[in-house]
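Taken together, the values in this text are just the output of simple stated rules run on the coordinates, not laboratory data. Since we're looking at a predicted model, the values are computed, not measured. FYI the Cβ positions are ideal-geometry reconstructions off the backbone, even for glycines, and counts take in every protein chain you see.
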């Protein structure tokens with residue numbers, strides 16, 4: 001029987017790359033997201049790689065999470081809390097940003113994971129997609145940084161709580177990744193700094209060891225290792241990818 005993996009935000013970007021990698025590794029994958037059209041497109045695109053299904057609900061709404069978890073009946077090998085949003089207080093109402101970001105980035109994975117624990121197998125896996133900004137601050141990103149610091153904190157708590165069952169819990173902390181969300185952020189920040197997008201991209205990449213953004217597939221490779229039997233001895237850790245401290 002195939003092992004079941006649930007991936008939130010698996011309809012695009014990093015989540016979609018993780019879903020594809022998991023399918024190729026032989027897992028049965030359920031991707032959860034809010035956008036019905038994107039979910040349908042992702043299912044169509046990933047269907048040839050293996051056993052893929054989708055479920056539509058809004059992670060910002062606790063009642064919808066309750067509805068999803070109360071209907072879940074499958075044994076669950078892995079939970080990948082990938083869905084997240086990044087908003088800045090520079091452009092939007094700070095309190096509204098705080099509520100929206102915290103609801104999706106920290107409250108939703110907490111609620112979802114806690115409610116699905118009865119279905120999580122012994123020696124299962126929980127992987128939380130955090131961020132470089134879960135380990136450092138950045139001006140204007142208070143809500144986002146707080147949410148990602150928080151998910152790393154939850155990772156370490158859950159690792160201690162669930163270790164006796166052989167369940168490993170890890171956080172993956174990418175810096176800049178080639179996603180649609182990063183592209184939008186790159187364009188906005190370049191305008192703020194009076195630079196072209198290419199100029200700002202080169203400025204960001206110059207201090208990076210690899211001199212480029214990480215790809216979603218590279219993030220997925222690390223997630224696949226942490227899900228695997230080879231990653232069974234690693235828990236309670238936060239893994240940085242191709243990143244450098246940025247004290248903006």
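When only Cα pairs below 8 angstrom with a gap of at least 6 residues are kept, the chain shows a relative contact order of 19 percent. Mean-square fluctuations from a GNM of the chain, with a 10 angstrom spring cutoff on Cα atoms, peak among 83, 71, 182 at 71.
In what order do 2, 21 fall by count of nearby beta-carbon atoms within 10 Å, going from fewest to most? List each step's numbers first, then the result.
Details: 2 12, 21 21.
Neighbour counts put them in this order, fewest first: 2, 21.
In the chain, the inverse of the mean reciprocal separation of distinct Cα atoms equals 18.4 Å; this is its Kirkwood hydrodynamic radius. Summary value for the range 39-160: 28 percent relative contact order, contacts being C-alpha pairs under 8 angstrom separated by 6+ residues.
Based on the mean of other Cβ atoms within 10 Å per residue, sort peptides 31-41, 203-213 so the most packed one is first.
Details: 31-41: 17.8, 203-213: 13.5.
Answer by packing, highest mean first, reads 31-41, 203-213.
In deg cm²/dmol, rounded to 500, what helix-only [θ] at 222 nm does the chain give when every DSSP H run of at least 4 residues adds -39500 (n - 2.57) and the total is split over its residues? Numbers along the way, then the final one.
Details: 9 runs with 106 residues, N = 248.
Roughly -13000 deg cm²/dmol at 222 nm, from the helical runs in the chain.
The calculated FRET efficiency for the pair residue 192 and residue 221, based on their C-beta separation and a Förster distance of 41 Å, comes to about 0.80. Report note on the peptides 151-161, 99-109: ranked by the mean count of other C-beta atoms within 10 Å, highest first, their order is 99-109, 151-161.
Shown is the FRET efficiency for residue 157 and residue 48, computed with R0 = 35 Å from the Cβ-Cβ distance and rounded to the nearest 0.05: 0.35. Shown is the FRET efficiency for residue 95 and residue 165, computed with R0 = 45 Å from the Cβ-Cβ distance and rounded to the nearest 0.05: 0.70.
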